[in-house]
Structures are given as structure tokens and as C-alpha cells.
Amino acid sequence: QYLRAGGRSGSPSTSRGLMDSIVGFEVALAVLLLVGAGLLLRTFDRLQSVSLGFNAERVQMAAITLPESRYLVVPEVSSERRSYIPIGFVEPATLSSNLLKLVPDATLFHFGTISSLMHMSWVRAVCGRLKSDYRYSSGIVYNNFPWPEATETQRESVEKAAQSVLDARAAHPQATLADLYDPLTMPPNLVKAHQTLDRAVDATYGRRDFKSEAERVAFLFERYQELAAPLDVAETPPQRRGLRRTQRSPATRRRN
């Protein structure tokens, strides 16, 4: 009876001590969190006055969104040793770097035309250079390129030839574009596919008998002048009609 009474009298004391320990721990943790929050706010306040090293008042933010469908990529710099710049389609999930030019909503006709010898002749004539390599630009090369006025049949022919170029690339899955378009290692089937594409693109311009690249370039500049002529006429201000005052020479003034 005594042992049972003693056991019952000791139990509440132990529970009370455990509860006091838990409460003390919770109070200490709350104080620690409050101190940490105070230090965080103090640090954030100090960061507001830290110099960024530049004037942030004139900084502009811009959001760049990638195309929602597959798009063409053109390398900004390409070796002058290549007969063709390696251009290809990229899926929208791929994030392209600033060293690529993007052509959204491009079709096989666009791919075939700018992958042709006709476009390459234009590139070599007007593009900039990085050392001696081609430096492709949207403003000078692409936007000024005189595109052909192709019929529906001609467009289908170019698209078919362009798909043959892609199929020829796919036949060499272990090779990179750099390997495929190296003049020393370019596969024969890819060379043949590009030659077929060149003939199809030439036909869209109504020509098939270019004897040299210089002749191609001269033809393209003539085509460019034809396309740009209406713009020059529209931008020329009308001349005022009337009498012009003739300026006399000093000798004439002395005789008078």
C-alpha cells in the first residue's frame, strides 16, 4: 500500500518537469525565430542602399519569347570554307543562344531557298566578316535578299528538294552539321541533294544557266534594284516648280 501511494505521488512531478522543459524550448525557439526575422529585415533594408555599380533608373527589362512552332536557326558566324551555311530546323522547346539568327514560322520553301547556292552567293557578296568567316546578319543579308516570285509548282519543287536535303542529313546520324558541311567530309548524297535544290531554286528566278558566281551576284543585284525601285520613287520628295534665281559670278558683279 505504501509503495503504491509513493508511486502515484511521484508521477505528477515528473510530468510537470517535462512540460516545463517543452514550454521553455518553445519559448527559446520563438525568441530565436524573432531574432532571425529581425536580422533578415535589417539585412534587406541595408541591401536597398547598396550601390549596384550602375544607374538602375534607366535599365529596361524585356521579355523574349521563342516561337511556338519549330523555327529555322542560322549561325551568325560560319567558316568561309563551306559551300553552304549549315541551317536547320529547331523545336520550340530548344532555347537558342545569341549566336544564332531565328526565322519563326519558316517552311520548307524558306529553308530550301536560304540553303541554296543562290542565297550563298548573296551572302558572300554582302555579309560582314569575322576575320575571313561569314558573319550573317538579319538587317543586311536576310532582309535585303531578293526572294523569288515562285509559282505553286516551283514552290513544291523547292520544298521537295529541301526535304531531300534533310533526309540526306538524317542518313548520317553520327555526324554533326560541322562534319556534314566540311568540304573535305561532306557526304556524296548530301552534295547531290544540294545540287538538286540549287537547280530548283534557280528555276524560281527563271534562270538555269548561270556560268559563274559573279553572274549570279549581278543577277541578284538587278533583281534587288527592281524590287527597291518603287520604294525609291515613293520616298523621293516632289520638286517645286518655278523660277530659279541665278547666282552671278564675282566678275559679272564687278562689270555691272
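Output the residues belonging to the stretch 91-104 that are open to solvent by less than 50 Å² (accessible area, probe 1.4 Å) and more than 19 Å from S116 (Cα to Cα). Let's see the steps before the verdict.
First, pick out the residues of the stretch 91-104 that are open to solvent by less than 50 Å² (accessible area, probe 1.4 Å): 92, 96, 103.
Within the stretch 91-104, P92, S96 qualify.
Restricting the stretch 21-50 to residues that are open to solvent by less than 100 Å² (accessible area, probe 1.4 Å) and among the polar types (S, T, N, Q), the residue that is nearest to L108 (Cα to Cα) is S49. Report yes if some residue within the stretch 38-59 is touching a Phe, Trp or Tyr at 6+ places or on another chain (Cβ under 6 Å) and within 30 Å of S138 (Cα to Cα); otherwise report no. Looking through the stretch 38-59, none of the residues is touching a Phe, Trp or Tyr at 6+ places or on another chain (Cβ under 6 Å) and within 30 Å of S138 (Cα to Cα). Among the residues of the stretch 132-189, those identified as among the aliphatic types (A, V, I, L, M), more than 23 Å from the chain's Cα centre (by Cα) and in a helix (DSSP H, G or I) are V158, A161, A168, A170. Every test in (1) surrounded by fewer than 14 Cβ atoms within 10 Å (Cβ to Cβ); (2) of a type outside the set (D, E); (3) in a helix (DSSP H, G or I) is passed by R129 save one, and that test is (3).
Considering only residues that are under 22 Å from E159 (Cβ atoms) and charged (D, E, K, R), look in the stretch 185-215 and name the one that is most open to solvent (accessible area, probe 1.4 Å). The extreme case among them is R208. Tallying residues that are surrounded by fewer than 17 Cβ atoms within 10 Å (Cβ to Cβ) and hydrophobic (A, V, I, L, M, F, W, C) within the stretch 63-84 yields 4.
The values are calculated or read from the model by the stated rules, or taken from the named source; none is laboratory data. Given the structure is predicted, the values throughout are model-derived calculations rather than measurements. So basically every Cβ, Gly included, is an ideal-geometry build from the backbone, and we count neighbours across all protein chains shown. These accessible areas exclude ligands, DNA and RNA; they are computed on the full protein's heavy atoms, side chains included. Shrake-Rupley method; radii C 1.70, N 1.55, O 1.52, S 1.80 Å.
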